[in-house]
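See structure below.
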């Protein structure tokens, strides 16, 4: 391995240093043992969430449900209210929209809420 001179270091500090290839990046990470020095960030993802959509517009409700899907939560109680557009829209969204691939199942709990099981988010 080449020893860096002060001029090399000054040149790298004065510009945006980018390793020239993936092999170099992997070798540097390995030599510095970055995987053991920087612990992985663990998310604290709750298993069950209660999402109350009262007083939300359709757009707000859609955004909250999509954020819930992205969060990695596995199960949720989604409260839509007994009457209103959200109670009618949620089954449509769960069956026919881009939301449907993320939902394993949903069951009406009572006249105003649903118990929803989501697929595991691999991101």
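Using only the Cα atoms of the stretch 48-118, build the gyration tensor, take square roots of its eigenvalues as a ≥ b ≥ c, and label the shape rounded, prolate or oblate: rounded if a/c is under 1.5, else prolate if a/b is larger than b/c, else oblate.
Since a/c stays below 1.5, the shape of the stretch 48-118 is classed as rounded.
Starting with the fewest neighbours, write out 22, 52 ranked by other beta-carbon atoms found within 10 Å of each beta-carbon. All intermediate terms of the calculation are to be shown ahead of the outcome.
Numbers: 22 8, 52 13.
Arranged by neighbour count, lowest to highest, 22, 52 become 22, 52.
Give me the percent of DSSP beta bridges within the stretch 48-118 that run antiparallel, rounded to the nearest 5.
On the way: 11 of 16 bridges.
Restricted to the stretch 48-118, the bridges split so that about 70 percent are antiparallel.
Every read-out reported here was derived from the displayed coordinates using simple, explicitly stated rules and does not represent laboratory data. The model shown is predicted, which means the values in this text are computed figures rather than measured ones. Note that we place each Cβ from the backbone using ideal geometry, even for glycine, and neighbour counts take in every protein chain shown.
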